[in-house]
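**Student:** Quick one: structure below, then a few questions.
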Amino acid sequence: MIYRMDHVGVVVEDLAAAVAFFVELGLELEGEAAVEGEWVDQLVGLNGVRADIAFVRTPDGHGRVELSTFHTPVATSPAPREPVNTPGIPRLTFVVDAVDAVLDRLRAHGAELVGEVAQYGDTYRYCYVRGPAGVIIGLVEELS
């Protein structure tokens, strides 16, 4: 039995830029830390890990995203930039107050619209953007 989902983790190349992106989206910085040592090596299955992490949380306090950047060992390939229908490609979706306004703010942080802003009846407006390290972020505006 599980109790709750604790967080989602995303590895990024530029931790400061990723934190700025998610703070602009409306998440709050919870804390930052440097991690290394045997316990981290055991956890991630790599040797000699040295990484920096930051946690950001949704304003309601129920959702958290761990952002991490690895200094060692060096990654062997870049982040995937696959289409949204590729199996295994994660999407993080957030309910926002106004899709267009949030999209405009995130573009200043490098966000790229994946398709178009679409409207589903009178229920919601929805779009996907690529954020830090190409992660796909859904933005949903509830209309009713």
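**Student:** Might you let me know whether the stretch 28-36 holds any residue that is crowded, with 16+ Cβ neighbours inside 10 Å and hydrophobic (A, V, I, L, M, F, W, C)?
**Tutor:** Taking the stretch 28-36 as the starting set, the residues that turn out to be crowded, with 16+ Cβ neighbours inside 10 Å are none.
The answer is no, given that none of the residues of the stretch 28-36 is crowded, with 16+ Cβ neighbours inside 10 Å and hydrophobic (A, V, I, L, M, F, W, C).
**Student:** Just checking, how many residues over the stretch 101-114 are touching a residue at least 24 places away in the same chain (Cβ under 8 Å) and farther than 30 Å from Arg50 by Cβ?
**Tutor:** 5
**Student:** State whether one or more residues within the stretch 107-122 are surrounded by 16 or more Cβ atoms within 10 Å (Cβ to Cβ), touching an Asp or Glu at 6+ places or on another chain (Cβ under 6 Å) and not assigned by TED's automatic domain parsing to the domain that holds Ala17.
**Tutor:** Scanning the stretch 107-122 turns up at least one residue that is surrounded by 16 or more Cβ atoms within 10 Å (Cβ to Cβ), touching an Asp or Glu at 6+ places or on another chain (Cβ under 6 Å) and not assigned by TED's automatic domain parsing to the domain that holds Ala17.
**Student:** Are there any pairs, at least 6 apart or on different chains, whose C-beta atoms fall under 6 Å, with the first in the stretch 3-27 and within 14 Å of Pro132 (Cα to Cα) and the second at pLDDT 95 or above and acidic (Asp, Glu), and if so, which?
**Tutor:** Gly9/Glu66; Leu15/Asp52
**Student:** Against the condition in contact with a Lys or Arg (Cβ under 8 Å, 6 or more places away or on another chain) and charged (D, E, K, R), how does Arg50 come out, does it pass? Walk me through it before giving the result.
**Tutor:** Details: in contact with a Lys or Arg (Cβ under 8 Å, 6 or more places away or on another chain): no; charged (D, E, K, R): yes.
It is false that Arg50 is in contact with a Lys or Arg (Cβ under 8 Å, 6 or more places away or on another chain) and charged (D, E, K, R).
**Student:** Just wondering, is there one or more residues in the stretch 55-69 that are under 13 Å from Gly131 (Cα atoms) and not assigned by TED's automatic domain parsing to the domain that holds Glu30?
**Tutor:** no
**Student:** I want to confirm something. Restricting to the stretch 7-47 and keeping residues that are of a type in the set (A, V, I, L, M, F, W, C) and in a strand (DSSP E or B), which single residue is nearest to Arg57 (Cα to Cα)?
**Tutor:** The residue in question is Leu29.
**Student:** Right, here's the next one. What number of residues in the stretch 63-83 are more than 15 Å from the chain's Cα centre (by Cα) and not hydroxyl-bearing (Ser, Thr, Tyr)?
**Tutor:** So the count comes out to 8.
**Student:** Evaluate the stretch 73-94: report whether one residue or more is crowded, with 16+ Cβ neighbours inside 10 Å and either free of Cβ contacts under 8 Å to residues at least 60 places away in the same chain or part of a loop (DSSP other than H, G, I, E, B) (or both).
**Tutor:** no
**Student:** Another one. Scan Glu116, Glu36, Glu28 and give me the residue that is within 19 Å of Val8 (Cα to Cα) and of a type outside the set (Phe, Trp, Tyr). Give the derivation first.
**Tutor:** Details: Glu116 fails: within 19 Å of Val8 (Cα to Cα); Glu36 fails: within 19 Å of Val8 (Cα to Cα).
So the residue among Glu116, Glu36, Glu28 that is within 19 Å of Val8 (Cα to Cα) and of a type outside the set (Phe, Trp, Tyr) is Glu28.
The values are calculated or read from the model by the stated rules, or taken from the named source; none is laboratory data. The shown structure was predicted, so the numbers you read here are calculated from the model rather than taken from an experiment. Heads up, the Cβs are rebuilt from the backbone with ideal geometry, glycines too, and the neighbour counts pull from every protein chain shown.
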